[in-house]
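The values are calculated or read from the model by the stated rules, or taken from the named source; none is laboratory data. Quick caveat, the model's predicted, so the values are computed rather than measured. As a convention, Cβ positions derive from the backbone with ideal geometry for all residues, glycine included, and neighbour counts pool all protein chains shown.
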Amino acid sequence: MTQPNTPGAELPRALTAHGGTRPRVAVVGGSLTGATCALLLLRAGFPVTVYEAAPAAAPRGGGLIGLEHPALDVLDRIGISQDEIIAHPSEMVLEVTVRDRQAIHTARRLYPGRNTTWSLLHHALTRRLPAGVLQPGHRVTGITERGGHPHLLFADDTNTPADLVVFADGRTSTGRRLLDPARQLRYAGYVAHRGHAASQLVAVKNFLRLEPGPGCQYNVAPIPGGLDWTLYLTCSAADYAHCFGAPPQRRAFALPHHVSETARALVDAHAARLLPAPHAATVHTTTVRMAAPVMDIDLPTRMVWPVGAGWAVLVGDALAPVRPHTGRGANNGIEQAAALTVALTQHHRWGADLATALDGWQRRQLDGVVAAVRQGPRLGAHLGTTQI
Ligand SMILES: Cc1cc2nc3c(=O)[nH]c(=O)nc-3n(C[C@H](O)[C@H](O)[C@H](O)COP(=O)(O)OP(=O)(O)OC[C@H]3O[C@@H](n4cnc5c(N)ncnc54)[C@H](O)[C@@H]3O)c2cc1C
């Protein structure tokens with residue numbers, strides 16, 4: 001059954017003065033990449049609907065995210081100022097070598113960007129989406145061609161047409177599985193354990209990275225109302241399943257309710273053995289915890305697929321989830337969304353050939369993504385958490 005009230009479905013797709021059209025865009029996934037893409041495309045005049053699998057009432061949240069200047073600038077252009085999303089204005093990163101639970105050396109450097117959190121940014125993005133654009137509780141299961149156009153298929157057996165489908169559906173993307181099925185995700189053998197500490201047992205004013213030795217890294221930074229920390233620890237796939245209830249490929253994010261007592265005890269024991277006492281105490285007193293298994297993926301070679309007379313594209317983690325140490329996942333998604341909007345605008349306003357515009361977008365974006373996918377294992381090897 002076609003949803004009758006898909007925004008934009010009824011719009012005439014008349015040619016503009018220069019021969020361009022105004023494609024109806026369906027974005028799959030309403031997280032950071034999808035919501036940014038939707039806001040940019042709406043501002044450029046395209047009819048957009050965002051289909052998000054999570055129900056409106058589902059509890060969602062995430063930790064610290066470093067955004068570089070290009071991504072911050074994109075957000076600025078859609079009216080999201082740093083005053084709204086920046087957790088703490090410091091650009092300083094302190095890299096501390098730790099031995100026997102004592103800091104023995106500190107290096108300082110500046111980060112070309114600032115830190116936000118997933119929760120701050122997601123709220124800033126989604127509250128700007130006009131009513132009806134975000135359709136929560138819509139899980140996309142397939143894409144097919146009908147009457148020459150892409151149609152999205154949903155878990156409840158409904159479907160909807162579009163001219164361009166933007167898959168921004170994250171690490172375990174349905175779009176990637178459908179469009180580029182040969183590319184596999186692989187567990188890298190270690191986990192980013194995360195926590196939001198409600199109190200500052202230790203005064204942290206900058207982004208602090210502690211390196212206590214092979215196989216472990218601890219990052220901590222101030223966020224509104226406390227501290228955000230990440231502890232990277234090696235962990236077999238079997239142990240991950242034991243700690244979080246499912247294997248890494250299936251549980252690509254462990255939310256607070258997935259974190260077992262075994263996982264808590266494991267993290268607490270490592271913190272007590274490896275971290276200076278105030279940081280160990282921060283971990284021990286943290287009640288809200290999450291985790292993400294670190295994953296690698298086969299290199300992407302394309303981002304665009306024709307579907308009848310329309311198109312489907314992969315962006316953000318749906319295209320390629322990169323290791324968290326690269327600090328590039330959200331940056332990639334936001335930059336790709338902005339560049340996609342440029343390509344579509346050139347078509348709509350000036351009649352640029354759409355296939356060529358999308359091909360140029362893909363060519364310009366792929367190098368950066370490939371570089372970040374390749375950088376992940378190198379950084380992991382430096383930590384001693386994995387082999388290249
Ligand atoms: C520990 C850690 C630290 C990080 N630090 C940084 C950093 O400093 N800088 C940085 O740039 N990045 C960082 N990242 C990466 C960043 O968090 C991700 O790259 C980013 O959140 C991905 O956003 P996304 O919107 O592409 O995907 P996601 O956030 O995964 O969103 C996908 C969305 O699609 C929805 N969805 C899934 N399947 C379907 C479906 N079938 N139908 C409809 N909807 C669907 C999901 O519910 C979800 O809302 C870090 C990641 C981790 C784990």
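Only one entry in 360, 316 is at pLDDT 95 or above, more than 16 Å from the ligand (Cβ to nearest atom) and in the same structural domain as residue 179 (by TED's automatic domain parsing), namely 360. Can residue 188 be described as within 30 Å of residue 205 (Cβ to Cβ), touching a helix residue (DSSP H, G or I) at 6+ places or on another chain (Cβ under 7 Å) and small (Gly, Ala, Ser)? Taking the combined requirement at face value, the residue does not satisfy it.
Filtering the range 359-388 to residues that are in a helix (DSSP H, G or I) and more than 22 Å from the chain's Cα centre (by Cα) leaves 359, 360, 381, 382, 383.
Do any strands (runs of 3 or more DSSP E) entirely within the range 1-82 hold 1 or more residues that are at pLDDT 95 or above, surrounded by fewer than 19 Cβ atoms within 10 Å (Cβ to Cβ) and within 10 Å of the ligand (Cβ to nearest atom), and if so, which?
Result: 64-68.
Has the range 155-171 got at least one residue that is more than 18 Å from the chain's Cα centre (by Cα) and near the ligand (Cβ under 10 Å from one of its atoms)? Yes, the range 155-171 has at least one match. Inclusion of residue 299 among residues that are touching a helix residue (DSSP H, G or I) at 6+ places or on another chain (Cβ under 6 Å) and within 16 Å of the ligand (Cβ to nearest atom) is not warranted. Looking across the range 195-207 at every residue that is buried (at least 22 other Cβ atoms within 10 Å of the Cβ) and out of contact with any helix residue (DSSP H, G or I) (no Cβ under 8 Å at 6 or more places or on another chain), the one that is modelled with the lowest pLDDT is identified as 204. Listed by position, the strands (runs of 3 or more DSSP E) contained in the range 142-184 that have at least 2 residues being surrounded by 17 or more Cβ atoms within 10 Å (Cβ to Cβ), polar (S, T, N, Q) and out of contact with any Gly (no Cβ under 8 Å at 6 or more places or on another chain) are 159-161. In the set (1) more than 13 Å from the ligand (Cβ to nearest atom); (2) in the same structural domain as residue 72 (by TED's automatic domain parsing), the condition left unmet by residue 332 is number (1). For the range 118-141, residues that are part of a strand (DSSP E or B) and either over 26 Å from residue 328 (Cβ atoms) or in the same structural domain as residue 276 (by TED's automatic domain parsing) (or both) total 2.
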